[in-house]
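To start, the structure itself, in structure tokens.
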Amino acid sequence: MKEFNNIISNVVNNDVFMSLQNINHHGITRYNHSMRVAYYTYRITKTLKLNFEEATEAALLHDFFIDEVDCENKLFKLRRHPKYALENASKYFDLTELEKDIILTHMFPITFTPPKYLESWIVDIVDDVSAIYEKIYCIRKELNAACMFLFILLINYLK
Ligand SMILES: [Fe+2]
Ligand SMILES: [Fe+2]
């Protein structure tokens, strides 16, 4: 965990990045989603003896955009946001070619350019799995709240 914290320290010391804590993303915060993707990327790429430092940092930055993509079309938003994240991340950090590729291709195949590196494929997959997990978690939470609400209504009705 100490090594992971060292790798992400540069990014989490940036105030603009930390403002992702206030942005909703898959029913949680964009900060928490990014942290989850970074952590599992770190575990997998280190185990596989890949470039885990750059992969982890780029995974943390893969959704680093503050302003929402200005378009109602959901597919268009999904396609555009990696470019927004790359432009934004480049403003604050010196990114390597690997890091740029990871951020830019993390939505493949929704975006058409495939990842060039194995690390980029890993972030792409970890991001997808995390998004599915977070959406299911969110739906379960809403279902639990709805069930609780119905239960309270029933109790009041039976009184
Ligand atoms: Fe994304
Ligand atoms: Fe993501």
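Test each condition in (1) within 14 Å of ligand 2 (Cβ to nearest atom); (2) touching a Lys or Arg at 6+ places or on another chain (Cβ under 9 Å); (3) at pLDDT 95 or above; (4) of a type in the set (Gly, Ala, Ser) for residue 90 and report the one that comes out false. Single failed check for residue 90: (1).
Can you say whether residue 98 is away from ligand 2 (no atom under 16 Å from the Cβ), in contact (Cβ under 8 Å) with a residue 24 or more places away in the chain and touching an Asp or Glu at 6+ places or on another chain (Cβ under 8 Å), as far as the supplied structure shows? So residue 98 fits the description; yes.
Does at least one position in the range 65-79 carry a residue that is within 12 Å of ligand 2 (Cβ to nearest atom) and surrounded by fewer than 19 Cβ atoms within 10 Å (Cβ to Cβ)?
Scanning the range 65-79 turns up at least one residue that is within 12 Å of ligand 2 (Cβ to nearest atom) and surrounded by fewer than 19 Cβ atoms within 10 Å (Cβ to Cβ).
In the range 64-83 there is no residue that is among the acidic types (Asp, Glu) and at pLDDT 95 or above.
Each row is one residue, and each column tells you yes or no for (1) away from ligand 1 (no atom under 12 Å from the Cβ); (2) in contact with a helix residue (DSSP H, G or I) (Cβ under 8 Å, 6 or more places away or on another chain); (3) not in a helix (DSSP H, G or I).
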residue	(1), (2), (3)
56	yes, yes, no
59	no, yes, no
63	no, yes, yes
66	yes, yes, yes
78	no, no, no
83	no, yes, no
86	no, yes, no
91	yes, no, no
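Yes/no matrix, rows are residues, columns are (1) more than 19 Å from residue 116 (Cα to Cα); (2) in contact with a Phe, Trp or Tyr (Cβ under 9 Å, 6 or more places away or on another chain); (3) modelled with pLDDT under 95:
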site: 7; (1), (2), (3): yes, yes, no
site: 19; (1), (2), (3): yes, yes, no
site: 35; (1), (2), (3): yes, no, no
site: 48; (1), (2), (3): no, no, no
site: 56; (1), (2), (3): no, yes, no
site: 61; (1), (2), (3): no, yes, no
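Within the range 9-20, not a single residue is within 12 Å of ligand 2 (Cβ to nearest atom), among the aromatic types (Phe, Trp, Tyr), surrounded by 16 or more Cβ atoms within 10 Å (Cβ to Cβ) and closer than 21 Å to residue 81 by Cβ.
Candidates are the residues of the range 106-159 that are within 13 Å of ligand 1 (Cβ to nearest atom), outside any helix (DSSP H, G or I) and among the hydrophobic types (A, V, I, L, M, F, W, C); the one that is surrounded by the most Cβ atoms within 10 Å (Cβ to Cβ) is 107.
The values are calculated or read from the model by the stated rules, or taken from the named source; none is laboratory data. Not measured: the values here are computed from a predicted model. Here the Cβ is made from the backbone with ideal geometry for all residues, glycine too, and neighbour counts use every protein chain on show.
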